[in-house]
Amino acid sequence: MPTDTHTKSRKQQPQNDKDGLTMEAIHRQVADEAPVILWMTGADGHHHYFNSRWREFTGLDNTDDPEGKVWLDALHPDDRDQCVQQILAALSEHKPIKLTYRLRNRDGEYRWMLDRSRPCYADNGNFRGYVGAVVDISEQKKAETELESINHDLTRANKHAKLNREMNDHLQVCNNMEEVHAVLSYFVPQLFSRSSGAVYLINESRSLIEAVTRVG
């Protein structure tokens, strides 16, 4: 019967699969072949590992970057401060992190990325850092922007339709030109807020032209 010493020694030996690979080698292979960017940080929050997908996407290598600054340099300048602040806030309490930022690819194009990470711990409970995954959401961002633009145009069109109806209702009950002037002066600037010009009234004989209101 094996002693406790033999049992501990056997547990400490790296486990191999049928091809002779250690579990550590298998995990690294899985990470490198994953279809998304994977990364790890130390307890200090500095990135010390990126998988091969990162290098394929950015064209950068972090092997000579012990402080993990290569990731920060690849971020869009307008997104860096916000990302750093969110990371520091989460790091102080070891909370999960969710970031949205623009990352520069190997062609120099900035792509929108969704970055999610969770804290990881050693067997003794000590905080070891973060493990995260990053996916490209540029197409989703583009679709959201287009949808926002469509919604904005629809809202504007509905507002104009409502103003037109209200203006026509008021014009129908006008008793004189002064009342017509007042109605047009109120509604026209709202209907043509993005335009410049004037509204003119022509009498029935078309001999009198009068500017009622100007816009722009």
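The values are calculated or read from the model by the stated rules, or taken from the named source; none is laboratory data. Here the structure is a predicted model, which is why all the values come from computation and not from measurement. Neighbour counts are summed over all protein chains in view; Cβ atoms, including those assigned to glycine, are modelled from backbone coordinates with ideal geometry.
Can you find, within the range 180-197, the residue that is surrounded by the fewest Cβ atoms within 10 Å (Cβ to Cβ) among those that are assigned to a helix (DSSP H, G or I) and within 38 Å of the chain's Cα centre (by Cα)?
Gln190
Which ones in the range 98-111 are touching a residue at least 24 places away in the same chain (Cβ under 8 Å) and within 15 Å of Arg80 (Cβ to Cβ)?
Thr100, Tyr101, Arg102, Leu103, Arg104, Tyr110
For the range 189-199, which residues satisfy the criterion of being more than 15 Å from Arg156 (Cα to Cα) and at pLDDT 75 or above?
none
Could you check the range 102-127 and list, in sequence order, the residues that are touching a Pro at 6+ places or on another chain (Cβ under 8 Å) and farther than 18 Å from Asp79 by Cα?
Arg118, Pro119, Phe127, listed by residue number.
Suppose we keep only residues that are under 20 Å from Arg102 (Cβ atoms) and in contact with a strand residue (DSSP E or B) (Cβ under 7 Å, 6 or more places away or on another chain) within the range 123-148. Which one would you say is modelled with the lowest pLDDT?
Filtering first and then ranking leaves Lys141.
Quick one: in the range 78-96, of everything that is in contact with a Leu (Cβ under 8 Å, 6 or more places away or on another chain) and without any contact (Cβ under 8 Å) to a residue 40 or more places away in the chain, which residue is nearest to Thr58 (Cα to Cα)?
By that ranking, first place goes to Arg80.
Residues that are in contact with a helix residue (DSSP H, G or I) (Cβ under 6 Å, 6 or more places away or on another chain), at least 1 per element: which strands (runs of 3 or more DSSP E) completely within the range 62-179 meet that?
Filter on the range 62-179 gives 97-104, 110-121.
Evaluate the range 124-139: report whether one residue or more is free of Cβ contacts under 8 Å to residues at least 12 places away in the same chain and at positive phi.
Taking every residue of the range 124-139 in turn, at least one turns out to be free of Cβ contacts under 8 Å to residues at least 12 places away in the same chain and at positive phi.
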